[in-house]
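Trainee: Okay, handing you the structure first.
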Number of protein chains: 2
Amino acid sequence: MTAYDDLMAYQRQTEALGQVAGRLGWDQETMMPEGAAEQRAEEMAAMEAVLHARRTDGRIGDWLGQIDDKSLGEVEAANIRLIRRDYERNLRVPGDLAEALAGLASRAQRTWAQARASEDVGAYLPVLEEMVRLKREQASALADGGDLYDALLDDFEPKTSGAEVARIFDAMRPRLVALRDKVMGSAQPAPLDGEFDEQKQMRLARKLSKLFGYDMRHGRLDKAVHPFSSGSGLDVRITTRTAPRDPFNCLYSTIHETGHAAYEQNIAPEHLLTPLGQGVSLGVHESQSRIYENQLGRSRAFTGYLFGQMKDAFGDFGVADEETFFRIVNRLDKGHIRTEADEVQYNLHVMLRFDLERDVIAGKLEVTDLEEAWNARFEKDFGYAVDKPSNGLLQDVHWSVGLWGYFPTYSLGNVYAGCLFEALKLARPQLEDELAAGDLSGATGWLREAVQMHGGLMKPRDLIARASGQAPSEGPLLAYLDEKFG
Amino acid sequence: MTAYDDLMAYQRQTEALGQVAGRLGWDQETMMPEGAAEQRAEEMAAMEAVLHARRTDGRIGDWLGQIDDKSLGEVEAANIRLIRRDYERNLRVPGDLAEALAGLASRAQRTWAQARASEDVGAYLPVLEEMVRLKREQASALADGGDLYDALLDDFEPKTSGAEVARIFDAMRPRLVALRDKVMGSAQPAPLDGEFDEQKQMRLARKLSKLFGYDMRHGRLDKAVHPFSSGSGLDVRITTRTAPRDPFNCLYSTIHETGHAAYEQNIAPEHLLTPLGQGVSLGVHESQSRIYENQLGRSRAFTGYLFGQMKDAFGDFGVADEETFFRIVNRLDKGHIRTEADEVQYNLHVMLRFDLERDVIAGKLEVTDLEEAWNARFEKDFGYAVDKPSNGLLQDVHWSVGLWGYFPTYSLGNVYAGCLFEALKLARPQLEDELAAGDLSGATGWLREAVQMHGGLMKPRDLIARASGQAPSEGPLLAYLDEKFG
């Protein structure tokens, strides 16, 4: 056994334990009995302690020191690059802080859910303050004198800075606002009306996820409060939700999570349980979920197919034809909820969170002032007020579970999806015909080859640049939105 | 922090990780996608490696050495007793033997399942021989010059010997055979006939589990191929199964597993995630599941209530009255399968396995002669032949996964249940009226106080003796069976 082999055998066990911890998270959102939360927090903390100990084990440093990077092939070099990067980051965070964060995340999530249900921001703020305190502590440890927010962002989107994100967002904001005002100023179709049986929604969701390439032999679809995808390799599970009057929520959440899950499922088997065996960054992950959901799933061609599927499932549901259906799927509306926002306004929601969380981490905004800041900013950006906390500060789970620096990756994903879709259309002139026939295999096959199969082999921006043939920028996304909505 | 505090904090994390591993097992039997098995095996092995390393960590020995046992209160002393016992047992088994046993168990279980499906004993014997070789090696390491079988039995039922079990079984056998022959010699009612909707079975099962005190806020009921209970403390899950023509399978499996789960759920909260926070032995665990299932669930009084519940759920299902229903629930029949046996014959199945496995471990019976010995003994005890290996040597999973010394705990559980039921009847003269009204709270409350809440505080026999007011013996069980069936 060489040092590389020893390190990889060790790493493989750590990856396996990471999958276990992830599955525990899935269980918590789907299956866990309500009264088990307190014990689960201890179980999660114990897993995190084991993982933290393994990830900071001095033997990793010894092995890394014995490996001659120049002797490595491409895959080996990428594995070592990721292991070294994580090792150095993990060494910086003290074990008791990592444990405290894991324990608090589980507790705070429960508090958040209760607070959201009872519209009680006051009940939430104490755990949120504690979370911010721990996250700033973690950021200080990671930043090593650098920018605190960048240190957190780097965990989700390596090699991107808050300043770079701000530059992209600043370029996008006026264009999106102008487009939003233009569309909202003209006639919009009426939204769907009526009740849609929830079991039928789930049946259609299951069919759509398979159509988009989700492999049920290595996954499963359940309901959860907040849709998500969980796991890597041979066990990648997704969740969705249903609302009787809003079947699009269920169906497009499912397609979105299918994008995440297909990415994980399509990584080359040789990378299973290695550092390359997971999506390379949240931004790239989101590029897959968003291109599945929007550029493909909400296209004129595919909505034509979906219109037929919905008539088969629900009978006549009061929509006259494909064209009207397409316009309903893509209608812009006033609304407070990020996850329900249309393609044009979605990024405006993200920008609001990005600016606020960057200020909080920088110490420029207190948690106690966060709701007021949120509400003021929302009214400024959207032109109407937040009517209740569950439509404002309490709407997202992220901050409660410690995901600070995470939000901008949603919009980076949209930017990447714009780049990839431009390249996909060039590569497959027959794309529209395929989508109109409900045949996603060409599009998802191209994404599998161009992006998904590589796992963590390339750096995020390099991967997108190579796949799309251009350096990532907001241009293609804005052009796509202008063409579709303008 | 004293050495005791340090040790208990360490132990608490190990207990939490043990719960995680258990929950992974639950997931595997209920939720896991079919194609995930290979990855799951690596995940489980990684968890086991973590747990084994923690359980043999030299720091445990250091802490134990620093603790003055005489300074400890009752709870502290019991914790230290259990930790010391496990630590010493774990240290005696060489790491490579423990690893070889774990690896073989997983391989042998697959071989057993295939052999059972194809009725091929020959394909099974090589792994079984290997397993016996390793188990005798493990027993030698554990026995430290003492009896090999006792060393294995001690893992499941501490402080009980093969000789003591043999004495009890020898006293029971002729009484059970005589009772069986008497009942089988007289007229038996016809079994249930017809189809019973499986969703309705599950609804009734859910109702029954709550009736017997299962707390759904800290548990859940799902379907699995083999019913089981899993987990301790605040998250104790049970499974059952359904067969359209045999609702008793679903309902009584549920009540049985509820007995196991209620035991775990009712342990005093102060013992959560400590060595005392789990049922104290397999025999005592089985005493709870069996008393719930049989002495309570199959009583004349409770079956009267259940008859009404079944009529409510399924309408008229062809049984005339409560008395006939009671006799159907408790009918004796010929059969080869232990898990399907009635209360009278069940222990005869266990005794057969006990005598055979004791001889094998003692080196008096070769694995190659095991099938012949099984078949001869079965015909002697039951009066008819084993017709195929899946009804004989291949029917149980236990020996393939290394559970040697486990079988007798099933019958010890029945013996303990007999003692407890005698005491319960004395303590609650109104018991029959309560059961007839479907009110289990008096009986399960008594068991909670007398047995369950104490967790691992007392030694198994001491616990049963204290709860039942007499040294455990087979007498009360035999008297109960004679009265009910004779």
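What follows draws every value from the coordinates through simple rules; no lab data is involved. Computed from a prediction, not measured in an experiment: that's the story for all the values here. Note: ideal-geometry Cβ built from the backbone for every residue, glycine included; neighbour counts use all protein chains shown.
Trainee: Determine the calculated [θ] at 222 nm for the protein assembly as shown from helices alone, applying -39500 (n - 2.57) to every DSSP H run no shorter than 4 residues and normalising by the residue count; nearest 500 deg cm²/dmol.
Mentor: When only DSSP H runs of four or more count, the value is -21000 deg cm²/dmol.
Trainee: What is the extension gain from residue B:225 to residue B:387, computed as 0.36 nm multiplied by their sequence separation minus the C-alpha to C-alpha distance, in nm to one decimal?
Mentor: 56.0 nm is the gain from fully extending residue B:225 to residue B:387.
Trainee: Restricting things to alpha carbons, find the Rg to Rh ratio for segment A:92-149 using the Kirkwood radius for Rh.
Mentor: 1.08
Trainee: For the protein assembly as shown, what is the percent of antiparallel DSSP beta bridges, rounded to the nearest 5?
Mentor: 40
Trainee: Further question: Per residue of B:27-40, count partner chain C-beta atoms within 10 Å of its C-beta, then hand back the mean as an integer.
Mentor: 6
Trainee: Could you pull the copy-to-copy label distances for residue A:439, with points set 7 Å along Cα to Cβ, in nm to one decimal and sorted shortest first?
Mentor: Here residue A:439 shows inter-copy label distances of 7.0 nm.
Trainee: A further question on this structure: Have a look at A:389, A:17, A:400 and report the one farthest towards the positive end of the charge dipole of chain A, computed about the Cα centre with Cβ charges (Lys/Arg +1, Asp/Glu -1).
Mentor: A:17
Trainee: Would you mind calculating the relative contact order of chain A from Cα pairs under 8 angstrom and at least 6 residues apart, reporting the percent as a whole number?
Mentor: 20
Trainee: Using the Kirkwood radius built from alpha carbon pairs, what does the Stokes-Einstein equation give as D for segment A:305-448 at 37 °C and 0.692 mPa s, in µm² per second?
Mentor: Result for D is 181 µm²/s.
Trainee: Related question: Å³ per residue of the Cα convex hull, for chain A?
Mentor: Taking the convex hull of the Cα positions in chain A, it is 144 Å³ per residue.
Trainee: Hey, another quick one. Through the Karplus equation 6.51 cos²θ - 1.76 cosθ + 1.60, θ set to phi - 60°, convert the phi angles of segment A:159-174 into ³J(HN,Hα) values in whole Hz; use x for Gly and Pro.
Mentor: Values per residue, Gly and Pro as x: 6, 10, 10, x, 5, 5, 4, 4, 4, 4, 5, 5, 6, 7, 4, x Hz.
Trainee: Further question: Taking all pairs of different Cα atoms in the protein assembly as shown, averaging 1/r and flipping that mean, what Kirkwood radius in angstroms comes out?
Mentor: 31.4
Trainee: Could you tell me which residue out of B:317, A:67, A:468 lies farthest along the dipole of the protein assembly as shown toward its positive end? Charges go on the beta carbon: Lys and Arg +1, Asp and Glu -1, centred on the Cα centre.
Mentor: Projecting each Cα onto the dipole axis, the largest value belongs to B:317.
Trainee: Only Lys, Arg, Asp and Glu count, each charged at its Cβ (+1, +1, -1, -1), so figure out the dipole size of chain B about its Cα centre, rounded to 20 debye.
Mentor: Dipole about the Cα centre, nearest 20: 580 debye.
Trainee: Using a label point 7 angstrom from Cα along Cα-to-C-beta, what distances in nm, from shortest up, separate residue B:29 from the other copies?
Mentor: Once sorted, the set of distances for residue B:29 reads 2.7 nm.
Trainee: Oh, and also: For A:9-21, what's the mean count of beta carbons from other chains sitting within 10 Å of each residue's beta carbon?
Mentor: Counting other chains' Cβ atoms within 10 Å and averaging over A:9-21 gives 4.
Trainee: Continuing with this model, one more query. Provide, in order from the shortest bin, the percent of all Cα-Cα pairs of segment A:60-128 in each 10 Å bin, continuing until the bin that contains the maximum pair distance.
Mentor: Bins of 10 Å from zero give 17, 28, 18, 18, 14, 5 percent of pairs.
Trainee: Based on Cβ point charges of +1 for Lys and Arg and -1 for Asp and Glu, what charge dipole magnitude is obtained for the protein assembly as shown about its Cα centre, in debye rounded to the nearest 20?
Mentor: 600
Trainee: Right, here's the next one. For residue B:453, place a label point 7 Å from Cα along the Cα-to-Cβ direction in every copy; what are the distances to the other copies, in nm, shortest first?
Mentor: 6.4
Trainee: May I ask which residue of A:248, A:266, A:362 lies farthest towards the positive end of the charge dipole of segment A:157-486, with charges of +1 (Lys, Arg) and -1 (Asp, Glu) on Cβ and the Cα centre as origin?
Mentor: Value computed over the given set: A:266.
Trainee: Let me ask you something else. Using θ = phi - 60° and the Karplus form 6.51 cos²θ - 1.76 cosθ + 1.60, what ³J(HN,Hα) does each residue of segment B:136-151 get, whole Hz, x for Gly and Pro?
Mentor: Running phi through 6.51 cos²θ - 1.76 cosθ + 1.60 with θ = phi - 60° gives 5, 5, 4, 4, 4, 4, 7, 6, 6, x, x, 6, 5, 5, 4, 5 Hz.
Trainee: D for segment A:3-156, whole µm²/s, Stokes-Einstein with Kirkwood Rh over alpha-carbon pairs at 10 °C and 1.306 mPa s: what number?
Mentor: Value of D from the Cα-based Kirkwood radius: 91 µm²/s.
Trainee: Also, I was wondering about something else. Could you please state, rounded to a whole Å, how far the C-alpha centre of segment A:169-187 is from the C-alpha centre of segment A:29-75?
Mentor: 44
Trainee: Where the centroid of each part is defined by its Cα atoms, how far is segment A:226-277 from segment A:328-356 in Å?
Mentor: Answer, in whole Å: 21.
Trainee: Let me spell out the model: positive unit charges on the Cβ of Lys and Arg, negative unit charges on the Cβ of Asp and Glu, origin at the Cα centre of segment B:335-399. What dipole size does that give, in debye rounded to 20?
Mentor: Taking the Cα centre of segment B:335-399 as origin, the dipole is about 80 debye.
Trainee: Another question, if that's okay. Quick one: which residues, 5 or more positions from residue B:223 or on another chain, have an amide H under 5 Å from its amide H? H modelled 1.01 Å from N in the peptide plane, none for Pro or chain starts.
Mentor: Here the answer is B:240, since their amide H atoms fall under 5 Å of that of residue B:223.
Trainee: Follow-up question, since we're still on this one. How large is the translational diffusion coefficient of segment B:379-486 in µm² per second when you combine the Kirkwood radius over alpha carbon pairs with Stokes-Einstein at 37 °C and 0.692 mPa s?
Mentor: 198
Trainee: A further question follows. Just to check I understand the Karplus step: with θ = phi - 60° and J = 6.51 cos²θ - 1.76 cosθ + 1.60, what whole-Hz values come out for segment B:328-341, glycine and proline as x?
Mentor: 5, 4, 10, 6, 9, 8, 5, x, 9, 9, 3, 5, 9, 6
Trainee: Under 29 Å between alpha carbons, and skipping anything fewer than 8 positions from residue A:223 in its own chain: which lysines qualify?
Mentor: Reachable lysines: A:200, A:207, A:210, A:311, A:334, A:388, B:200, B:207, B:210, B:223.
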